[in-house]
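In what follows, a single structure is set out as structure tokens and then discussed.
Nothing in this text is a laboratory measurement; each read-out follows from the coordinates by a stated rule. Quantities reported herein were computed from a predicted structural model and do not represent experimental measurements. Cβ: placed from backbone, ideal geometry, glycine included. Neighbour counts: every protein chain shown.
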Amino acid sequence: MNVFDYVRPASVDEAVAAATEPGAAYLAGGTNLLDLMKGGTRHPTRIVDIRRLPGLDRIETLADGAIRIGALVTNAALARNGDVREAAPAVAEALLSGASPQLRNAATVGGNLMQRTRCAYFTDPHSACNRRTPGAGCDAHGGDTRGQAVLGWSEACIATHPSDFCVPLLALDAVVEIAGPAGSRDLPLDALHRLPGDTPAVETALEPGELITAVRLPPSAAGFAGHARYLKLRERTSYAFALVSAAAALRMEDGVIAEARLALGGVAAKPWRSAAAEASLAGAPASPEAFRAAAALALQGARPSGDNAAKIELAGRVAARALALAAAGTPETIPALPASVFATAPVHGATAHG
């Protein structure tokens with residue numbers, strides 16, 4: 001691990017000022033940053049420790065019904081929060097499907113949004129990686145591509161975004177609150193993460209020194225609470241990143257889908273939402289045929305980035321299954337294996353919520 005300066009600011013303004021220095025990195029839960037530093041993938045020259053900043057560890061229900069989640073709220077605290085579980089059960093299910101209980105107690109909301117890809121060629125400092133070192137090349141091409149992208153990838157990078165949490169957040173139109181040298185601003189989550197293009201090292205829309213301070217779930221999220229699920233296919237049932245995942249949310253009226261949300265994880269360098277798939281479901285009956293058609297639309301344009309063509313088929317199946325589970329109704333309690341594909345098969349027309 002390299003030598004670095006350590007700063008513990010007392011306010012958000014102090015933190016932003018300290019992090020404007022080139023080479024600075026924010027430290028919150030540290031579950032990703034410290035691993036990357038120990039492995040020789042990241043070498044920050046200044047660590048800005050934000051763990052004790054006041055006011056960033058709260059979950060609040062705002063006057064308009066939105067839920068504001070501070071950036072330092074841990075994954076475990078958020079998954080247990082009653083308001084979040086009631087209004088956005090798929091968010092809680094996604095959180096509980098990720099990592100281990102120990103890591104969920106340490107990992108934070110802001111860190112989850114900013115976590116780096118788990119591409120083995122990125123985390124191995126001896127492999128060529130344009131995301132880690134611009135212009136170095138990409139050893140993932142022609143390598144083990146089983147977990148790599150099938151949507152939105154480029155010749156420069158085929159890595160995927162690893163977050164479970166971000167997938168239902170994207171489906172529910174979450175907004176990110178940001179503080180920076182130029183002041184504060186809001187950003188739709190969909191605009192936070194970037195596809196690689198020719199510059200994969202530029203992973204987010206954050207400017208130097210900018211700090212995520214909170215995430216807001218809009219009041220509309222609660223309209224999907226009765227029919228919302230997160231489904232995750234992984235290589236082992238616990239403590240594994242998604243090979244593919246899907247967040248599905250439906251607003252039902254008289255047995256017909258009035259509005260649909262569908263986002264995929266593990267398929268691109270950012271969580272992937274499909275407006276075409278959602279539009280195809282509006283006004284449609286909740287049927288396997290409609291869900292398969294929507295899933296096919298969600299994978300439009302998908303192409304293997306190597307020997308991973310099977311991932312396109314898997315993603316389609318997971319998306320259709322997530323929609324079917326959502327149509328069957330949100331369970332009264334989160335399953336013992338959250339987001340598991342081994343959950344009981346859905347029964348159309350049976351709902352646990354209204």
Translational diffusion of segment 222-275, µm² s⁻¹ [Kirkwood Rh, Cα pairs; Stokes-Einstein; 37 °C; 0.692 mPa s]: 266 µm²/s
q = 0.11, 0.15, 0.16, 0.22 Å⁻¹: log10 I(q)/I(0) that the Debye formula gives for segment 220-354, counting C-alpha atoms only: -0.35, -0.66, -0.75, -1.37
Largest-first principal axis extents, alpha carbons of segment 103-234, Å: 45, 40, 29
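Rounded to whole Å and sorted largest first, what semi-axes of the equivalent ellipsoid does the C-alpha gyration tensor of segment 200-246 yield via the square root of 5 times each eigenvalue?
Taking √(5λ) for each eigenvalue gives 27, 23, 9 Å, largest first.
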The chain: calculated mean residue ellipticity at 222 nm from DSSP helix runs of at least 4, using -39500 (n - 2.57): -7000 deg cm²/dmol
Estimated FRET transfer efficiency (ARG51, MET1; beta-carbon r; R0 25 Å; 0.05): 0.85
Within a Gaussian network of the chain (alpha carbon springs, distance under 10 Å), most fluctuating of LEU113, LEU297, LEU95: LEU297
Distance histogram for segment 275-326 (every C-alpha pair counted, 5 angstrom bins, percent rounded to whole numbers): 4, 22, 30, 21, 12, 7, 3, 1
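Would you mind computing Rg(Cα) / (2.2 N^0.38 Å) for segment 40-104, counting N as its residues?
After normalising by residue count via 2.2 N^0.38 Å, the value is 1.36.
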Charge dipole magnitude, Cβ of K and R +1, D and E -1 - the chain, Cα centre, debye nearest 20: 720 debye
Relative contact order %, the chain, counting alpha carbon pairs below 8 Å whose residues are six or more apart: 17 percent
Considering only the chain, percent of DSSP beta bridges that pair antiparallel, nearest 5: 85 percent
Computed P(r) (all Cα pairs; segment 180-279; 5 Å bins; percent): 2, 10, 15, 18, 18, 17, 11, 6, 2, 1
Of THR108, THR237, THR330, the one that fluctuates the most in a GNM where the chain has Cα springs shorter than 10 Å: THR237
Potential lengthening between SER100 and ASP144 on full extension [0.36 nm per residue; Cα-Cα distance subtracted]: 13.3 nm
Cα-derived Rg to Rh of segment 1-94, Kirkwood definition: 1.07
Segment 116-156: relative contact order in percent, alpha carbon pairs under 8 Å with at least 6 residues between: 30 percent
Percent of Cα pairs exceeding the 30 Å cut-off, where the set is the chain: 34 percent
Straight-distance crosslink candidates among lysines, where the alpha carbon sits under 24 Å from LYS270 and sequence neighbours closer than 8 are dropped: LYS232, LYS311
Contact order relative to length of segment 177-238, as percent, for alpha carbon pairs under 8 angstrom and 6 or more apart: 33 percent
In nm, spacing of pseudo-spin labels at HIS43 and ALA279 (7 Å Cα→C-beta vector): 4.9 nm
Gaussian network model of the chain, springs between alpha carbon atoms under 10 Å - residue of ASP49, ASP35, ASP254 with greatest fluctuation: ASP254
